[in-house]
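Nothing in this text is a laboratory measurement; each read-out follows from the coordinates by a stated rule. Predicted model only: the values in this text are computed from it and were never measured. Note that each Cβ is placed from the backbone with ideal geometry, even for glycine, and that neighbours are counted across all protein chains shown.
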């Protein structure tokens, strides 16, 4: 995936999140929705740049 495609996708996600935040709803629901979208985008970016497989190699404990 090219860098231009990643930037366009991030812009689209940002605009959609902005539109959803403009809809009147409880602030707790907005916070949860924002957190889910941000976590999903960060995981997607890690996968795109190949860092997700690197992070899964770490072991905690035995």
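So what's the Cα pair-distance distribution over the chain, bin width 10 Å, in %? Pair shares across the bins are 19, 38, 27, 14, 2. The long axis of helix 3-22 is offset from the longest Cα principal axis of the chain by roughly 40 degrees. Counting only alpha carbon atoms, the long axis of helix 27-48 and the longest principal axis of the chain meet at about 40°.
Once the Cβ-Cβ distance of residue 12 and residue 54 is raised to the sixth power relative to R0 = 30 Å, the FRET efficiency obtained is 0.65. Based solely on its DSSP helices, what 222 nm [θ] is calculated for the chain when runs of n ≥ 4 H residues each add -39,500 (n - 2.57) and the sum is averaged over all residues, nearest 500 deg cm²/dmol? Computed ellipticity for the chain at 222 nm equals -24500 deg cm²/dmol.
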